[in-house]
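Asker: Here it is: the structure, laid out below.
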């Protein structure tokens, strides 16, 4: 197994660039997976190819050892001395394993979405990751992200999603107006300034949920195009919910009609 001892190593510098730069990730179609769970997820789901795993030397984790022993022969393994490994870890407390790999094109395609989620302007990558995790848990099959939304494959978003990205068809930089026009079902927007509450709308059949950022909500263009615009009833004079909480409620409500 190759061992890297210098932070000046070109491969280490490449990983650092992938961590910091969205454009570098998009150009190379490569992502960075930090930690045991994410590396296991990418190996199990088969939606990441050309995987290279970097392991902190010395190896002290049984979970990391198990990954090394079970990984296919096609996966390249590299030992990295501790002082260098810290340069490619995206967390304060490293788990001793990081991987890079190329996303297969299939991860982005779903020709017949039945339960879609369209997100407009969600800018916090950790928040987006949590939303994607919720979406996967409640059987969303396709996610559309507007321009200006956080990178679904940034290290922080991947950590927040806990591998949800490998369970969803994700379309970034999507024209949400066109998505509404082409979706084979009804679109339901969420807004706090309407009187129609969630229980008054039929969620049967293919549904596209439209959710905007906490600060701005959905744009007027999307609110006008949606088949229905609903509000989640709130008590105790609470004006609004965290967008992640709102998505969870909407998705759970849809599962009642599956």
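Asker: Within the bounds of region 233-241, is there any residue that is touching a residue at least 60 places away in the same chain (Cβ under 8 Å) and more than 22 Å from residue 147 (Cα to Cα)?
Answerer: Step one: of region 233-241, the residues touching a residue at least 60 places away in the same chain (Cβ under 8 Å) are none.
Checked region 233-241: no residue is touching a residue at least 60 places away in the same chain (Cβ under 8 Å) and more than 22 Å from residue 147 (Cα to Cα).
Asker: Here is a check on your reading of the model: is residue 33 assigned to a strand (DSSP E or B), in contact (Cβ under 8 Å) with a residue 60 or more places away in the chain, in the same structural domain as residue 244 (by TED's automatic domain parsing) and touching a helix residue (DSSP H, G or I) at 6+ places or on another chain (Cβ under 9 Å)?
Answerer: no
Asker: Would you please name the residue that is modelled with the lowest pLDDT, looking only at residues in region 38-60 that are in a helix (DSSP H, G or I) and loosely packed, with under 15 Cβ neighbours inside 10 Å?
Answerer: Restricting to residues being in a helix (DSSP H, G or I) and loosely packed, with under 15 Cβ neighbours inside 10 Å, the top hit is 45.
Asker: Name the strands (runs of 3 or more DSSP E) wholly within region 151-234 that hold at least 1 residues that are in contact with a strand residue (DSSP E or B) (Cβ under 9 Å, 6 or more places away or on another chain) and surrounded by fewer than 21 Cβ atoms within 10 Å (Cβ to Cβ)?
Answerer: Passing ranges, in order: 169-171, 186-190, 228-230.
Asker: Looking at (1) crowded, with 17+ Cβ neighbours inside 10 Å; (2) without any contact (Cβ under 8 Å) to a residue 60 or more places away in the chain; (3) assigned by TED's automatic domain parsing to the domain that holds residue 25; (4) not in a loop (DSSP other than H, G, I, E, B), find the lone condition where residue 143 falls short.
Answerer: (3)
The values are calculated or read from the model by the stated rules, or taken from the named source; none is laboratory data. In this text the structure is predicted, and so the values were computed from the model without any measurement. Methodologically, a virtual Cβ is constructed for each residue, glycine included, from the backbone with ideal geometry; neighbour enumeration extends over all protein chains shown.
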